[in-house]
Amino acid sequence: FDNGIGKYEERLKNTTSKLKTNSICRFYSTLRHSFLAQEQLLQPTLALQQLFLKIMEKIIEDDIFYLSYLEKELEEMEDILNDKIPEDFFATLTKYRRKLSELNAYYEQLTDIGELMQSGIHPEFMQNTDLWCGYMHRTERLQHYVQLLRENILQLRELYQSQQDARQNRIMGI
């Protein structure tokens, strides 16, 4: 048993002399094998900024699918409205309008964060301004999509109101 440990210690000494600076070493051991792994470290500030950017990108990664889903639901509401006026239509429309208002404010805040990071608030963060620019453009596109959906809500509301007016005119005509 001692002989095996001596071999590993000698191998570890030989490999540590070959290690690069700015790296991290991990010693892994299993029942049958032991090995030393070396991982290159990124610059701390760059790694932090990259991590933050990855988190921010992950937050909005699937948002386009959610917005497309909302758009399809609004289209279905329009089709239903063309056939007949549902009882709870205005309440449902209001729910969507509020949700889209929240999303508009959300994407505006994310765009502001992107602008702030792109402006290079700290000299060490100036290295990836083009990546933050791309993130900012994605959030702006999502915000424009939300604004388009909000306009669709307004058109649905006008259509609903015109159908209500036509219905009242028919009733008054009788």
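Quick notes on this structure:
- Residues located in the range 156-174, provided they are free of Cβ contacts under 8 Å to residues at least 12 places away in the same chain and of a type outside the set (Ser, Thr, Tyr): GLU158, GLN161, ASP165, ALA166, GLN168, ASN169, ARG170, ILE171, MET172, GLY173, ILE174
- Residue in the range 73-82 that is under 29 Å from the mean Cα position of the chain (by Cα) and closer than 24 Å to PHE52 by Cβ present: no
- If you check THR21, THR30 for being modelled with pLDDT under 95 and open to solvent by 90 Å² or more (accessible area, probe 1.4 Å), only one passes: THR21.
- When GLU158, GLU140 are screened for being out of contact with any Lys or Arg (no Cβ under 7 Å at 6 or more places or on another chain), at pLDDT 90 or above, open to solvent by 80 Å² or more (accessible area, probe 1.4 Å) and not polar (S, T, N, Q), only GLU158 passes.
- Qualifying residue in the range 96-104 (condition: open to solvent by less than 80 Å² (accessible area, probe 1.4 Å), under 14 Å from ARG141 (Cα atoms) and either out of contact with any Pro (no Cβ under 8 Å at 6 or more places or on another chain) or not in a helix (DSSP H, G or I) (or both)): yes
- Residue in the range 129-147 that is of a type in the set (Lys, Arg), part of a helix (DSSP H, G or I) and within 30 Å of GLN50 (Cα to Cα) present: yes
- Scanning the range 115-126 for residues that are modelled with pLDDT under 70, in a helix (DSSP H, G or I) and out of contact with any helix residue (DSSP H, G or I) (no Cβ under 6 Å at 6 or more places or on another chain) yields PRO123, MET126.
- Only residues that are among the acidic types (Asp, Glu) and surrounded by fewer than 14 Cβ atoms within 10 Å (Cβ to Cβ) were counted in the range 58-70, giving 2.
The values are calculated or read from the model by the stated rules, or taken from the named source; none is laboratory data. Here the structure is a predicted model, which means the values were calculated and not measured. All Cβ positions, glycine included, derive from the backbone under ideal geometry; neighbour counts span all protein chains shown. Please note that ligands, DNA and RNA were not included when accessible areas were found on the heavy atoms of the full protein model with its side chains. Shrake-Rupley method; radii C 1.70, N 1.55, O 1.52, S 1.80 Å.
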